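These notes concern the structure reproduced below.
The values are calculated or read from the model by the stated rules, or taken from the named source; none is laboratory data. All values reported here derive from a predicted model rather than from experimental measurement. Cβ: placed from backbone, ideal geometry, glycine included. Neighbour counts: every protein chain shown. Please note that ligands, DNA and RNA were not included when accessible areas were found on the heavy atoms of the full protein model with its side chains. Shrake-Rupley method; radii C 1.70, N 1.55, O 1.52, S 1.80 Å.
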Amino acid sequence: MAELPAEWEVAPEPGWIDPALAEEFPGVSILSTTVEVGGGRSPEALKERLRLLSDRVAGAQAINLRQRQIPWAYRVFFRHIGLDPDTTRTPIEQLIFDRIHDGGFRSRNRVDDALTIAMVEVGVALRAFDADRVTGRIGLRLSADGERFEGRVSPLPVGTIVVADEERALGILFDRTAEGRGVTKRTVRMVLIGIGVRGVPDIALEEGLWVAASALHA
């Protein structure tokens, strides 16, 4: 593994979980850390790391993926929230599918490439937000009746699981990011989050964030 970035001066922070969500889905967790890195194109070192990962991940790994503890835990959770993981793929399975379909992991941008590397290597679900567009601590909750979501015309269906700060929803769990809250070329620092479910050890979330932060500093 790469050396821990010097900018990571504090350990990742556990986020808050709304009591109603915790009662309905025991074991759900969220972990976050802030890194002093902006968006934009991937440097050559990061692209090379992505190419090497493509060479290591082949069809055999895709076939065996569902037998691994962490990917299986996300599949189980998807079924619990009403999603068929064979139709709506979990984050790690979508990445592996894209790798097989495209013949390799395509470089998209700095943050997406770093998250791809970390999710494939560790198996946990990760995402990122512009740290200067986040207010307070990040957590998970259920959407309220009539709640608006930036970039969406109609309100969110009540009870939608969202990643949120202390003022608004930042993203739909395992889905789209609210308009203006994601990482862009203008981002100067970002919040990385790891989303855990029952069966995913906290140490795996920490490792995923660690790998992503390291990749961002490539």
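Only a single criterion out of (1) on the phi > 0 side of the Ramachandran plot; (2) at pLDDT 95 or above is not satisfied by GLY40, namely (2).
Against the definition (closer than 20 Å to LEU53 by Cβ and of a type in the set (Val, Ile, Thr)), how does THR116 come out, yes or no? In short, yes. Check THR184 against each of (1) open to solvent by less than 80 Å² (accessible area, probe 1.4 Å); (2) over 16 Å from VAL37 (Cα atoms); (3) in a loop (DSSP other than H, G, I, E, B); (4) of a type outside the set (D, E, K, R) and name the one condition it does not meet. So the condition that THR184 fails would be (2). Restricting attention to region 128-167, the residues being in contact with a Phe, Trp or Tyr (Cβ under 7 Å, 6 or more places away or on another chain) and not charged (D, E, K, R) number 2.
Restricting attention to region 1-17 and to residues that are farther than 21 Å from ALA169 by Cα and open to solvent by 50 Å² or more (accessible area, probe 1.4 Å), the residue that is modelled with the lowest pLDDT turns out to be MET1. Scanning region 197-207 for residues that are touching a helix residue (DSSP H, G or I) at 6+ places or on another chain (Cβ under 9 Å), part of a helix (DSSP H, G or I), touching a residue at least 12 places away in the same chain (Cβ under 8 Å) and closer than 19 Å to ARG108 by Cβ turns up nothing. Looking only at residues in region 18-75 that are among the polar types (S, T, N, Q) and either within 25 Å of ARG186 (Cβ to Cβ) or in contact (Cβ under 8 Å) with a residue 12 or more places away in the chain (or both), the one that is surrounded by the fewest Cβ atoms within 10 Å (Cβ to Cβ) is GLN69. The combined condition, being at pLDDT below 95 and in contact with an Asp or Glu (Cβ under 7 Å, 6 or more places away or on another chain), is not fulfilled by GLY182.
The set of residues in region 109-144 that are within 20 Å of GLU179 (Cβ to Cβ), open to solvent by 20 Å² or more (accessible area, probe 1.4 Å) and either in a loop (DSSP other than H, G, I, E, B) or at pLDDT below 95 (or both) comprises ASN109, VAL134, THR135, GLY136, ALA144.
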